[in-house]
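For reference, the structure discussed in these notes is given below.
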Amino acid sequence: MELPVVALRAASPRPRPPRPQQVGSTSSPRFPLEHRWLFALGRAPAPEELRRALAPDLVAWQKDPGLALAALKALAKDKRALAALQLLKCMQDGQVETAAPHCNSALSACGRASRWELGVDVLARIPLLALAPTVVSCNAAASACESGDRWPGALAVLRTASVLGIVPNAISLSAATGACGKGGQWQSALALPGLFAGVCDVLDTVGCNTAISACGSGGQWHRALEVLSGMPALRVAPSLVSCNAAISACQKG
């Protein structure tokens, strides 16, 4: 999947889109005042429109990339995945220093918007930016897949992470397990901890609870009980949610 291409040209004298007070009901209290112009562009702004609107800020962003990070975080908070990816591309073309936190914020936007396919693509492209992807990147991409109920994407994230040299942690595995559980793939949900045994953190309580629920959804009550009884061996303390999930699995039979 190709990220939207944004050609960098000379800044146009055309003004930015109207401020929120000019667009009435399209304003959002979730956007800081300094980013309301970005909100006014919509959820999927045209590349040229975003480039023109961004032109006045590029010099400031080149001096302080943290300003760009704040804008990306604002987009992520409002679930604007496409706008975040467009903004990331504009940063690259505008020679704004791009670091892993910028990519992680774009990944977060994909997760919040349940655009798992975009998240997987961004994760795979991070090395092309001469950046070192982090486990936070993996967590964000896996969470995007869980939000989108896409277990194949979650497994693809873990495979991509392995290729990139990222060691998944409990958060990554919990998100992937959750995606598998929502997709009715209880076998995959149970297999994930074993695949990464010895090289990363074991599943946490949330991940085990998700695996138990996955077994229940698949009619595998005996497997659910195995997960519950095996949690102490993994040094994971069962919670009330763990017990309730196992009871629910038994009820479903």
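None of the figures in this text is laboratory data; all of them are computed from the coordinates on show. Small disclaimer: the values here were computed from a predicted structure and weren't measured.
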Starting from 0 in steps of 5 Å, tell me what percent of the Cα-Cα pairs of the range 109-253 lands in each bin.
2, 12, 20, 22, 18, 13, 8, 3, 1, 0, 0
Considering only Cα-Cα distances, which of the following residue pairs are longer than 31 Å: LYS73/LYS252; LYS77/LYS182; LYS79/LYS252?
LYS73/LYS252; LYS79/LYS252
Vicinal HN-Hα couplings computed from phi for the range 99-105 (Karplus, 6.51 cos²θ - 1.76 cosθ + 1.60; Hz; Gly/Pro x):
10, 4, x, 5, 5, 5, 5
Through the Karplus equation 6.51 cos²θ - 1.76 cosθ + 1.60, θ set to phi - 60°, convert the phi angles of the range 57-64 into ³J(HN,Hα) values in whole Hz; use x for Gly and Pro.
9, 4, 4, 5, 5, 5, 7, 9
Per 0.36 nm of contour for each residue apart, how much would the distance between GLN187 and ASN244 grow if the chain were fully extended, relative to their Cα-Cα spacing?
18.5 nm
